[in-house]
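Here the structure is laid out as structure tokens; the discussion comes afterwards.
The values are calculated or read from the model by the stated rules, or taken from the named source; none is laboratory data. Since this is a predicted model, take the numbers as computed values, not measurements. Glycine gets a Cβ as well: all are built from the backbone with ideal geometry, and neighbour counts include every protein chain shown. To get the accessible areas, we keep the full protein, side chains included, count just its heavy atoms, and leave off ligands, DNA and RNA. Shrake-Rupley method; radii C 1.70, N 1.55, O 1.52, S 1.80 Å.
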Amino acid sequence: GESPCSMPVLDGKDEDLDCQKGVDSMAGPLARAHLSSSSSTLLEQDHEETPRFWFLNVLYPTLRQAEQHGPRLACFPKTAQKLLESRAQSVDKIVRLHRAFQLRDTTLFLAVKLVDQYLAQLQGQSQVTGPRRRHLLAASVLVIASKFEDEAVPDYEALAHTSDGEFAKDEVHVVELHLLDKLGYRLHMPSAIHHLHWFLELVDANGDFILLAQYLCEVGLESHEFPQWMPTDHAAAAVVLASMMLNKPEWPPAFEAICVGNDESRRKAIMHVLYGLCRAVYTTGAGKAVFDKYASVSRKTLSTQVATLLEKVTGQSASTRSSSSQSSH
């Protein structure tokens, strides 16, 4: 089988090293402290019949085990430019279709994971390079995810209508079956969104905090690093980064107890993803689906403010990073 990806956290770029140093300098004492013995007792205070107890003691351990022992994608090589371009445009179209049809958040995350699983099989091939095929792929994978997660599935004719004649509804059926065959009909896989709600509850998050963490989690979908992230690390990293950006404790005891426990390597893995989320924030912008979604008035134009919030954490602006990146090439 393929070995797990071992992509360096910083990809060897000076600007990423600066980002990491900036974030590390903001990490509070809890980020370096050992887990206190009293923290674990916080996980036992819920009554056995509460949803939170069910998540912490049954669902979370099960999902964590599934993601640790499930298949891991190899890195998409940076030389595979067409593949990376196909991924970026497919994910963008998935996000836009998901928003248009108002589907569940779990559907979005599953659809992106499925498209990554599919594209990973196409390395070295020439498929999925044209805009028409990318749009058809996005529509088809969204249908599969929706059938797994939603009560009402997008109408095939309506999906075809979004393509402005690029494909017909019957083609969605054909590609759907092709994808299911390639994926081995394996659709049950953990995603970050399964954990995010409960992690936010553990840190007593409210309105703006929740919205920011959701944005950070979703903008991570656009990153080419996303396929290698553990879902629990992805969700936890979004919560920690949101805490830093809003000047709140990064590792409240109950949250630290479940995400880190007594294993400091888990904190390191979460910070690895956090640096990836920083890069995703710096590289997104107007015209990209997640940014546009969170630039809406209904979401308080949040995405237009996030880069400024992150600058306070890292000490770097997006324009500074862009100039640094260009001068290094």
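Other residues within the sphere of radius under 14 Å centred on the Cβ of Ala289, judged by their own Cβ, net out at +4 (K and R +1, D and E -1).
Is segment 211-288 best put as rounded, prolate or oblate by its Cα gyration tensor, with a ≥ b ≥ c the root eigenvalues, rounded for a/c under 1.5, and otherwise prolate when a/b is larger than b/c, oblate when not? It comes out oblate by the Cα gyration axes. A straight line joining the Cα centroids of segment 283-308 and segment 185-233 runs 17 Å.
Averaged per residue, what accessible area in Å² does segment 140-203 show with a 1.4 Å probe, protein chains only? Could you put the intermediate results ahead of the total?
Details: 3270 Å² over 64 residues.
Ligands and nucleic acids excluded, the result is 51 Å² per residue.
Going down the table (Lys248/Lys293; Lys93/Lys113; Lys268/Lys293), which pairs top 19 Å between alpha carbons?
Values: Lys248/Lys293 25 Å; Lys93/Lys113 14 Å; Lys268/Lys293 31 Å.
Violating the 19 Å Cα-Cα cut-off are Lys248/Lys293; Lys268/Lys293.
What's the whole-number percent of alpha carbon pairs in segment 263-321 lying beyond 19 angstrom? Looking at segment 263-321, the distances longer than 19 Å represent 39 percent of pairs. Taking all protein chains as shown and a probe of 1.4 angstrom, Trp54 keeps an accessible surface of around 150 Å². With the cut-off at under 19 Å, measuring from each backbone N in segment 132-161 to a point 7 Å along the Cα-to-Cβ line of Trp54 picks out 149-151.
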